[in-house]
Amino acid sequence: MTGVSWRPGCPVRLASLRLLRLSYWGFDGQARRGELIVNADAVSAVLTAFRLLFDARYPIHRMRPVEAYGGSDERSMLADNTSAFNCRRIPGTNSWSEHAYGRAVDINPFQNPEVAGGAVDPPAAAGWADRSRHSPAMIRHGDAVWQAFISVGWQWGGDWASPKDYQHFSANGR
């Protein structure tokens, strides 16, 4: 991951990150193993939340570290990849994303895009901005995914006034 999703100058030391190997239910209904990289101080919360998601049989399309996509958040989202750590700024700002600290997770970004005004990210997921659609992979306020992360003290980007970041959960709510 050095030189791809982590590089000198990132706001978290490489030694502070941990690789988690997690079980999840694939879209095909089969149990699978995936990987997330998170901050050492987020390990317990993320393990607990994903254990609850597994118990609820919540489907996840795929789960690979962002370096599998060359460190590109856009490529990872287009692959509908559930991911965590990526040393990157919040788009359009000079502020570090919570992903750059290893304290944020994006889940099924295609079915749960970010919606800011009329813009949808990833743009190819525009049809999923219509939250009246139904899919077991969609995240909604109060559902099993929301409950799993709220139970560990994390917050959901779908509860924000704007943008609505339906894929995003973070330790500090940003």
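The values are calculated or read from the model by the stated rules, or taken from the named source; none is laboratory data. The structure displayed is predicted, hence computed values, not measured ones. Positions of Cβ are generated from backbone atoms using ideal geometry, with glycine treated the same way; all protein chains shown enter the neighbour counts. Just so you know, the surface numbers come from the protein's heavy atoms only, side chains and all, with ligands and any DNA or RNA stripped out. Shrake-Rupley method; radii C 1.70, N 1.55, O 1.52, S 1.80 Å.
Things worth noting here:
- Amide H to amide H, with H built 1.01 Å from N, residue 27 comes under 5 Å of 60, counting only residues 5 or more places away or on other chains.
- Remark on the stretch 1-129: hydrodynamic radius 15.0 angstrom, per the Kirkwood mean of 1/r across alpha carbon pairs.
- Local net charge near residue 38, Cβ-Cβ under 9 Å (Lys/Arg +1, Asp/Glu -1): +1
- Accessible surface of residue 143 - all protein chains present, 1.4 Å probe, nearest 10 Å²: 40
- Phi-derived couplings, Karplus 6.51 cos²θ - 1.76 cosθ + 1.60 at θ = phi - 60°, listed residue by residue for the stretch 6-14: 10, 8, x, x, 5, x, 10, 6, 4 Hz, with x used for Gly and Pro.
- Using θ = phi - 60° and Karplus 6.51 cos²θ - 1.76 cosθ + 1.60, couplings along the stretch 48-64 (whole Hz; Gly, Pro as x): 5, 4, 6, 5, 5, 5, 5, 4, 7, 6, 5, x, 10, 5, 7, 9, 9
- Nearest-0.05 FRET efficiency for residue 132 and residue 40, computed from C-beta distance (R0 35 Å): 0.30
- In the full protein context, the chain carries 46 Å² of accessible surface per residue, based on a 1.4 Å probe and ignoring ligands, DNA and RNA.
- Derived scalar couplings ³J(HN,Hα) [the stretch 139-144; Karplus, 6.51 cos²θ - 1.76 cosθ + 1.60; whole Hz; x for Gly, Pro]: 9, 10, 4, x, 6, 4
- Options 108, 85, 95, ranked by Cα towards positive dipole end of the stretch 1-138, top entry (Cβ charges): 85
- Rounded if a/c under 1.5, otherwise prolate or oblate - the stretch 30-80, Cα gyration tensor axes: oblate
- Computed log₁₀ I(q)/I(0) - Debye formula, equal Cα scatterers, no solvent, the stretch 1-50, q 0.17, 0.22, 0.26, 0.32 Å⁻¹: -0.61, -0.84, -0.98, -1.19
- Both radii come from the Cα set of the stretch 79-143: Rg as radius of gyration, Rh as Kirkwood radius; their ratio Rg/Rh reads 0.99.
- When only Cα pairs below 8 angstrom with a gap of at least 6 residues are kept, the stretch 36-161 shows a relative contact order of 26 percent.
- Carbon and sulfur %, accessible surface of the chain computed with the full protein complex present, 1.4 Å: 52
- The length gained on full extension between residue 95 and residue 144, counted as 0.36 nm times the residue separation minus their Cα-Cα distance, comes to 14.6 nm.
- Placing +1 on the Cβ of every Lys and Arg and -1 on the Cβ of every Asp and Glu, with no other charges, gives the stretch 1-66 a dipole of roughly 140 debye about its Cα centre.
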